[in-house]
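Quick notes on the structure that follows.
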Amino acid sequence: MCKFRNIKTGESTAAMKRFAVIGNPVAHSLSPRLHKYVFKKLGIDANYSAIQCTEKQFPEIIDRLRSGQLNGINVTLPLKQSVIPYLDVFDKHVKAIGAVNCIAVKNRKLFGHNTDWIGFQKALENAKIQVDGATCIIVGAGGAARSVGYALGMNNVKKFIIINRTTKRAEDLKQLILSIFPDVKIDISKWCELDLEVLYQALIVNCTSVGMVPNVNDCPVPEKYLLPSQTIIDIIYSPFRTKLYRVGQSIGTKTLSGLPMLIHQALASFDIWFNEPISEKVQMDELQDFLKQYC
Ligand code: ATR
């Protein structure tokens, strides 16, 4: 049960809880703003900071978690995989995806979770994007693509088409998805190889870093393959409106930015750390409007 601050007096009802995001680089992270906003809004007596951390420095963070100096952390690039051996327990989703972005502590034991896939799933739900039986084009084959592929597989996508600059990584992603969802169909392809029927109805998810600040005019999908009948999700949230998002909107495609996914993965971390549905007490639109100014 989380302890709430007495909002009128500002007095804390318990020792302040401390959370952080760790990664390298981490200064650009929106997570501190997001978490602090929610803490303030709900009167939760807690703080959230960004800690620059290399793989070598991670054991220090472990000590701080076990000793109670930190009550939980989010993990970002490039540590999402390398932290796993340090954990005492991790759930089946972490095992499947092979990455951790949220660590909780209970009785000095470290529990690893992956809330990236939950964030993507919730963003789909909120935007009323149906993926059951759909064909999905995943652009990219890195860590983000693994969480997205997992979420889509969990929601019964029928066929994946993976498009990635490096074929070997696309092959690795294909094998990973097949090891979890053996009945799905997966092709590795190039844009020019796709027929119109596939393109026409596709859900396209950009999981590459192409279009991210400062390269805001780069587009991960050649524009001639974008059609009004598609659904486009760009998991990039900085800028809020990427080139892919802007082109999609201009031709009338249903488009979704990466910001809802970011917010939902953060709220899922709250629920884990406080062991109660904090996420239900927060207005998504309000949080999104607040964060947009920093994207
Ligand atoms: P993350 O964990 O955020 O997914 P990552 O594992 O480094 O980060 O993966 C980044 C993805 O963006 C990869 O699919 C990468 O393609 P490669 O596998 O060929 O490296 C893709 N990517 C990054 N820069 C790119 C670029 N300029 N053009 C095309 N793809 C790019």
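Being in a helix (DSSP H, G or I) and out of contact with any helix residue (DSSP H, G or I) (no Cβ under 7 Å at 6 or more places or on another chain) is a description that applies to LYS40. Check whether at least one residue in the stretch 150-167 is touching a residue at least 40 places away in the same chain (Cβ under 8 Å), over 27 Å from ARG241 (Cβ atoms), away from the ligand (no atom under 11 Å from the Cβ) and not in a strand (DSSP E or B), and report yes or no. No. You will find that of ILE272, ILE263, the residue that is within 30 Å of ASN71 (Cα to Cα), touching a Cys at 6+ places or on another chain (Cβ under 9 Å) and not in a loop (DSSP other than H, G, I, E, B) is ILE272 and no other. Among the residues of the stretch 121-149, those identified as of a type in the set (S, T, N, Q) and either without any contact (Cβ under 8 Å) to a residue 40 or more places away in the chain or closer than 24 Å to GLN175 by Cα (or both) are GLN121, GLN130, THR135, SER147. The residues in the stretch 154-175 that are under 21 Å from ASN101 (Cα atoms) and in contact with a helix residue (DSSP H, G or I) (Cβ under 6 Å, 6 or more places away or on another chain) can be counted, and the count is 1. Flag set for ILE103, criterion: without any contact (Cβ under 8 Å) to a residue 40 or more places away in the chain, of a type in the set (A, V, I, L, M, F, W, C) and outside any helix (DSSP H, G or I).
Return a yes/no flag: does the stretch 126-145 have any residue that is surrounded by fewer than 22 Cβ atoms within 10 Å (Cβ to Cβ), acidic (Asp, Glu) and part of a helix (DSSP H, G or I). No, there is no match, as no residue in the stretch 126-145 is surrounded by fewer than 22 Cβ atoms within 10 Å (Cβ to Cβ), acidic (Asp, Glu) and part of a helix (DSSP H, G or I).
SER269 falls short on exactly one of the conditions (1) out of contact with any His (no Cβ under 8 Å at 6 or more places or on another chain); (2) at negative phi, and that condition is (1).
Taking first residues from the stretch 12-41 that are more than 16 Å from LEU259 (Cβ to Cβ) and partners that are buried (at least 18 other Cβ atoms within 10 Å of the Cβ) and of a type in the set (Lys, Arg), the Cβ contacts under 6 Å between residues at least 6 apart in sequence or on separate chains come to SER12/ARG5. Check the stretch 190-209 and report whether any residue there is within 18 Å of GLY248 (Cα to Cα), of a type in the set (S, T, N, Q), within 13 Å of the ligand (Cβ to nearest atom) and in a loop (DSSP other than H, G, I, E, B). The answer is yes; a qualifying residue exists. Taken across the stretch 101-119, residues that are of a type in the set (A, V, I, L, M, F, W, C) and in contact with a Pro (Cβ under 6 Å, 6 or more places away or on another chain) do not occur at all.
Of all residue pairs spaced 6 or more apart or on separate chains, those with beta-carbon atoms under 6 Å, a first member in the stretch 238-264 that is β-branched (Val, Ile, Thr) and a second member that is surrounded by fewer than 17 Cβ atoms within 10 Å (Cβ to Cβ) are VAL247/GLU223; ILE251/PRO228; THR253/PRO228; THR255/GLN249.
Is it the case that LEU79 is farther than 30 Å from TYR225 by Cβ, in a loop (DSSP other than H, G, I, E, B) and within 16 Å of the ligand (Cβ to nearest atom)? It is true that LEU79 is farther than 30 Å from TYR225 by Cβ, in a loop (DSSP other than H, G, I, E, B) and within 16 Å of the ligand (Cβ to nearest atom). Condition (residue is among the hydroxyl-bearing types (Ser, Thr, Tyr) and either within 16 Å of the ligand (Cβ to nearest atom) or buried (at least 19 other Cβ atoms within 10 Å of the Cβ) (or both)) applied to the stretch 83-93: is it met by at least one residue? Scanning the stretch 83-93, I find no residue that is among the hydroxyl-bearing types (Ser, Thr, Tyr) and either within 16 Å of the ligand (Cβ to nearest atom) or buried (at least 19 other Cβ atoms within 10 Å of the Cβ) (or both), so the answer is no.
Among the candidates ILE118, ILE103, ILE97, ILE129, the residue that is more than 14 Å from the ligand (Cβ to nearest atom), within 15 Å of the chain's Cα centre (by Cα) and farther than 19 Å from ILE22 by Cα is uniquely ILE118.
Every number here is computed from the coordinates shown, using simple stated rules; none is lab data. This is a predicted model, so every value here is computed, not measured. Note that each Cβ is placed from the backbone with ideal geometry, even for glycine, and that neighbours are counted across all protein chains shown.
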